[in-house]
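First the structure, in the form of structure tokens, and then the observations on it.
Here, each number is a calculation from the coordinates, and none is a lab measurement. Predicted, not measured: the structure shown is a model, and the values here were computed from it. Backbone-built Cβ (ideal geometry, glycine too); neighbour counts: all protein chains shown.
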Number of protein chains: 2
Amino acid sequence: MEPKAGRDTVRRHNLSLVLRAVRDAGETTRAGVSARVGLTRAAISSLVEQLLEAGFLSESGKTFSGHAGRPGTVLKMARTGVAGLGVEINVDYVSVCVVDLAGTDRVRLVEHLDNRGGAPSRVLARAARIAARALASADEQELRPVGTALALPGLVASGTVRAAPNLGWSRVLAEGLFAEALAAHRPQRPALPVRAENEANLAALAELWFGGLGDARTFLYVSGEIGVGGALVLNGELLRGAHGFAGEIGHAVVAPDGPECRCGSRGCLEQYAGQSALLRAAGLDESDGAHGVSELVHRARSGDERALSALARGGTMLGRVVSGAVNLFDPDAVVLGGIYRPLGPWLAPPASRELSARVVSGLWPVAAARLRAASPATDAVRGAAAMVVQDVLTDPLAYSPRPATG
Amino acid sequence: MEPKAGRDTVRRHNLSLVLRAVRDAGETTRAGVSARVGLTRAAISSLVEQLLEAGFLSESGKTFSGHAGRPGTVLKMARTGVAGLGVEINVDYVSVCVVDLAGTDRVRLVEHLDNRGGAPSRVLARAARIAARALASADEQELRPVGTALALPGLVASGTVRAAPNLGWSRVLAEGLFAEALAAHRPQRPALPVRAENEANLAALAELWFGGLGDARTFLYVSGEIGVGGALVLNGELLRGAHGFAGEIGHAVVAPDGPECRCGSRGCLEQYAGQSALLRAAGLDESDGAHGVSELVHRARSGDERALSALARGGTMLGRVVSGAVNLFDPDAVVLGGIYRPLGPWLAPPASRELSARVVSGLWPVAAARLRAASPATDAVRGAAAMVVQDVLTDPLAYSPRPATG
């Protein structure tokens, strides 16, 4: 290895350390960064200068004397410049968000529409149109997304959606189709790199980065949508499995001869605890989407028998499958996201009973503490946008508007 | 960090690299090691000298000219000296083995006996007596085990068996009790360090180190014993979970109101696919152990209806649970060990049918290739002994009979 390359690599690494130290601190000083990162004040000053110049950090004149040592000017993540774009395409909505370097949600657009059975290229073009609008809002706020992550409810690997049964998709080259459609809306702009990812994976990352999990770095995320998605996080890293398809908890069997599932099997969990199944069992219109879920909450609150029994059954089935997953994976916590957040008050008690009875480690009688609702404002689309920002934090120079100065 | 400490660390690391290179090659020369490890001939020679002197390697006079370059004398792992002791305590047997530095099984003792419900200290004392006999055989072969690993059918963390329902154990300090009992048999010898581990974890490591998995580095291991054990290996590393209890696939629910399980729950997989359950369903005496399993194989071969239907049901249940685990963990392969090896011809076809129908990635219609029997001669007790040897390979100097020379 050339000494020059070695020095460059170290500097790039240190730029990332400093940037992440500021992000973690929220507001800090050069001295604060130095204490956090363990490099000398002189080294920190040089790194901070470069990050200020490239527009990743901003500095305010006010002094800050909360720490020992002489007061310094306050460093923060830049509120403008480099950002991430997230786009979630789900069965009955498209959601787009732009996240800045601090991880803050700065633009959000949600459109409820029926994507079921639509040609993938049309659905992706529609999502690109919504994304283009979000990018226009980002422009107005002087935010410049440097990449896009697509959140999709299906098996995604190497940019291809292998199968998204609830959308009716099979082998769709989602990244390319979306990039093309988005470029058509922005003829004068450089194309944004696009990557596709499973939506539950991204929701789990959002929970890891922005949620209230505290020390829990190993958890199972289960998301109620039209289907039931899942993701495993092991010591703060997404567990992808051998082919990128890990986490598909929605297709665990709960009743071997139960109803046919869109995946081709029978009696899968999502036939009992997915949104459509819960609405149907409660006597509601399963195509009613978010409105149907609100109605289900309303009926459960007012003691409607059918709603309560649909939720009791769904929660029990969920608890059985989650018990098996806890026995297999031994997580610190299980996080319930998607529609399981609003439905948690009815789903969690029967699910906890199953966990208490069936988890062999005996660590889950306290299931109430370990089985928790996802944090508000952590969802797949925010995870998607934040994943782009995460890439920036890992190697800021690669995204610098000015050429790297080594 | 002191420069001296830095040099020491690098040398210790390089000694490990060289030792593992010889182990992987089987037989090689200094030139062969140099090519594999990427250090200079001079550096390799010095490292090899130290490993020869400490008795980790042996050298034979015969030259070897299979490779380019001038022929050299042949290096091999030492057949004597440092070794590992493994002790498996299962419900109806105790198995002990001593493995040398090359990973070869050099002593093996198996005693079939009923450990169910015996006081843990008595069972451990009995196992220690058998281990002492194995150590005497090791002595005769000039092998010197430097540690013991205990394989136990239960939840093991931090040296304590939290629960081993099929043994009737709860919160047993197995490491200490075994070490004491073994020391009583060898009053003149230094005490061997003892560590306890879940038996399926060790069987999975044996499969990883000595089995025929080829490139598959992410797999699920499922072992049929009195209960059903399991282990997850992710990229060549055991996945232990947040508390060390991962892999407990035997307690996945297959029939929520099914028979009571010793774990306290109902309708667990092991009530359908464990050894006792299979023997019982086939009309055999469930306390008949290994003999009962042979009889089951015999009856299945001769077309006995009851045996065939017990195995068909067990295989289907196994396939359902394994499908769920594959959907969650996305492994390259599933390895069936323990009694599932001899029973594979009857269990695998119904299990494969479930996998083909229920694994959503669609990667498992070729389940026959991915669902495979454990390799012969890879079992928990060999994994246990090899785990001790693995520690030696990672830092040979720590186990050198002479003081480290830095």
| note | Label points for A:H185 built 7 Å along Cα→Cβ; distances to same position in the other copies, nm, shortest first, come to 7.3
| query | Convex hull over the Cα atoms of the protein assembly as shown, averaged projected area in nm²? | reply | 39.9 nm²
| remark: Taking every other residue with Cβ under 10 Å from the Cβ of B:M387 and scoring Lys and Arg +1, Asp and Glu -1, one gets 0
| remark: Between A:R301 and B:T104, the two model label points (7 Å from Cα along the beta-carbon direction) sit apart by a distance in nm of 7.5 nm
| Among A:I249, B:I89, what is the fewest-to-most ranking by other Cβ atoms within 10 Å? | A:I249, B:I89
| At R0 = 41 Å, FRET efficiency that the Cβ-Cβ distance of A:R79 and B:D395 yields, to 0.05 | 0.25
| Copy-to-copy label separations for B:G264, where each label sits 7 Å from Cα toward Cβ, in nm and ascending | 4.1
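What is the ratio of the Cα radius of gyration of chain A to 2.2 N^0.38 Å, with N the residue count, to two decimals?
1.06
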| task | Evaluate the relative contact order of chain B (contact order divided by residue number), counting alpha-carbon pairs under 8 angstrom at least 6 apart; express in whole percent. | result | 16 percent
| message | Tell me the net charge near A:L47. Cut-off is 15 Å between Cβ atoms, A:L47 excluded, with +1 for each Lys or Arg and -1 for each Asp or Glu. | response | +3
| query | Under a plain spin-label model, where a point goes 7 Å from the Cα along Cα-to-Cβ, how far apart in nm are A:R20 and A:R189? | reply | 2.9 nm
| task | Determine, at each q value in 0.14 (inverse angstroms), the log₁₀ of I(q)/I(0) that the Debye formula gives when each Cα of segment B:213-372 is one equal point scatterer. | result | -0.67
| said: Treating only the Cβ of Lys, Arg, Asp and Glu as charged (+1, +1, -1, -1), what charge dipole size does chain B show about its Cα centre? Round to the nearest 20 debye. | reply: 780 debye
| remark: In chain A, whole DSSP H helices that both stretch 20 Å or further along their axis by alpha carbon positions and average at least 0.0 on the Kyte-Doolittle scale are A:120-140, A:305-329, A:380-394
| Lys/Arg +1, Asp/Glu -1 at C-beta; the protein assembly as shown dipole; positive extreme among B:Y221, B:A333, A:A102 | A:A102
| Distance from the Cα centre of segment B:204-272 to that of segment B:70-137, in angstrom? | 23 Å
| task | Between copies, how far apart are the A:N235 label points? List them in nm, one decimal, shortest first, with each point 7 Å from Cα toward Cβ, please? | result | 1.0
